[in-house]
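A short write-up of the structure that comes next.
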Amino acid sequence: MTVRPILICGAPVLHSAAKPVTEFDEGLASLISDMFDTMDAAPGVGLAAPQIGVDKQIFVYSYPDDEGNDRRGVAVNPQLFITPLVLDEPTAADEEGCLSFPGERFPLVRAESVLLRAQDENGKPFEIECDGWFARIMQHEFDHLLGYLYIDRLNHHFAKAAEKIRKSRQWGKPGLSWMPGVDDLEG
Ligand code: ZN
């Protein structure tokens, strides 16, 4: 079991697009296994490779869907097809968090359903239809691979609040991280 440090907002790898995976080898399997360990230790419901400093299009997730089925897996080289977004005002039910902006929650309206197409750890293609909170996780993790954090998408009011926190914690510069199981930032 290898838990890796999670990078905090400001690390350049979190703010640039990740690269496609081309080798489905033992190195990839071991990276994915570390990603699951790190997500579980945080604890979190999703983790993208750039969050542990790896510039690759991979994320892991673990969350029950709206029917209560356990959803746990890895998406390599994902594509996400998003239903049109209804532009409502965010409510408390839309509160989202991110392990790279730890300990905070801000509301963000997301699309209600998405279709994920990706490859598994062996390169085998699969697709999943996702609704509700599970669809939100997919949009959040996919954004990481594009180089966006959810705080980049907040409306003006909440963006200002997030910016205040970023300044007071002195986040937003390279070299910051926290260690799941050691630093209790998401407990
Ligand atoms: Zn995140």
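Results for (1) surrounded by fewer than 14 Cβ atoms within 10 Å (Cβ to Cβ); (2) within 16 Å of the ligand (Cβ to nearest atom); (3) more than 30 Å from T83 (Cβ to Cβ), shown as yes or no for each residue.
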site: A135; (1), (2), (3): no, yes, no
site: L154; (1), (2), (3): no, yes, no
site: F158; (1), (2), (3): no, yes, no
site: A162; (1), (2), (3): no, yes, no
site: W171; (1), (2), (3): no, yes, yes
site: V182; (1), (2), (3): yes, no, yes
(request) Find all pairs meeting these conditions: Cβ atoms under 6 angstrom apart; at least six residues apart or on different chains; first residue within the stretch 167-187 and over 14 Å from I52 (Cβ atoms); second residue of a type in the set (D, E, K, R). (result) G172/R166
(message) I'm checking my understanding of the structure. Among residues of the stretch 64-74 that are within 21 Å of A111 (Cβ to Cβ) and open to solvent by 70 Å² or more (accessible area, probe 1.4 Å), which one is farthest from the ligand (Cβ to nearest atom)?
(response) E67
(request) Filter the stretch 108-129 for residues that are over 23 Å from I151 (Cα atoms), in contact with a strand residue (DSSP E or B) (Cβ under 8 Å, 6 or more places away or on another chain) and assigned to a loop (DSSP other than H, G, I, E, B) and give the result. (result) D120, E121, G123
(request) Note down all Cβ pairs under 6 Å where the first residue falls in the stretch 45-61 and is in contact (Cβ under 8 Å) with a residue 40 or more places away in the chain and open to solvent by 10 Å² or more (accessible area, probe 1.4 Å), the second is near the ligand (Cβ under 10 Å from one of its atoms) and not polar (S, T, N, Q), and they're at least six residues apart or on different chains. (result) V45/I137; Y61/G46; Y61/I137
(request) Hey, can you tell me all the residues within the stretch 13-29 that are away from the ligand (no atom under 16 Å from the Cβ) and touching a residue at least 60 places away in the same chain (Cβ under 8 Å)? (result) V21, F24, L28, A29
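State yes or no: is I32 under 17 Å from F142 (Cα atoms), touching a residue at least 60 places away in the same chain (Cβ under 8 Å) and either within 14 Å of the ligand (Cβ to nearest atom) or surrounded by 15 or more Cβ atoms within 10 Å (Cβ to Cβ) (or both)? Even if it seems obvious, please write down each step before you answer.
On the way: under 17 Å from F142 (Cα atoms): yes; touching a residue at least 60 places away in the same chain (Cβ under 8 Å): yes; either within 14 Å of the ligand (Cβ to nearest atom) or surrounded by 15 or more Cβ atoms within 10 Å (Cβ to Cβ) (or both): yes.
It is true that I32 is under 17 Å from F142 (Cα atoms), touching a residue at least 60 places away in the same chain (Cβ under 8 Å) and either within 14 Å of the ligand (Cβ to nearest atom) or surrounded by 15 or more Cβ atoms within 10 Å (Cβ to Cβ) (or both).
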(request) Among the residues of the stretch 75-102, count how many are within 16 Å of the ligand (Cβ to nearest atom) and surrounded by 15 or more Cβ atoms within 10 Å (Cβ to Cβ). (result) 11
(request) Name every residue in the stretch 110-127 that is crowded, with 17+ Cβ neighbours inside 10 Å and among the hydrophobic types (A, V, I, L, M, F, W, C), in order of residue number. (result) A111, V114, L116, A118
(request) Could you pull out the residue among A17, A42 that is open to solvent by 60 Å² or more (accessible area, probe 1.4 Å) and either more than 22 Å from N122 (Cβ to Cβ) or hydroxyl-bearing (S, T, Y) (or both)? (result) A17
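The values are calculated or read from the model by the stated rules, or taken from the named source; none is laboratory data. All values reported here derive from a predicted model rather than from experimental measurement. Don't worry about glycine lacking a Cβ; one is built from the backbone with ideal geometry, like all the others, and counts go over all protein chains shown. Surface accessibility is based on the protein's heavy atoms, side chains included, excluding ligands, DNA and RNA. Shrake-Rupley method; radii C 1.70, N 1.55, O 1.52, S 1.80 Å.
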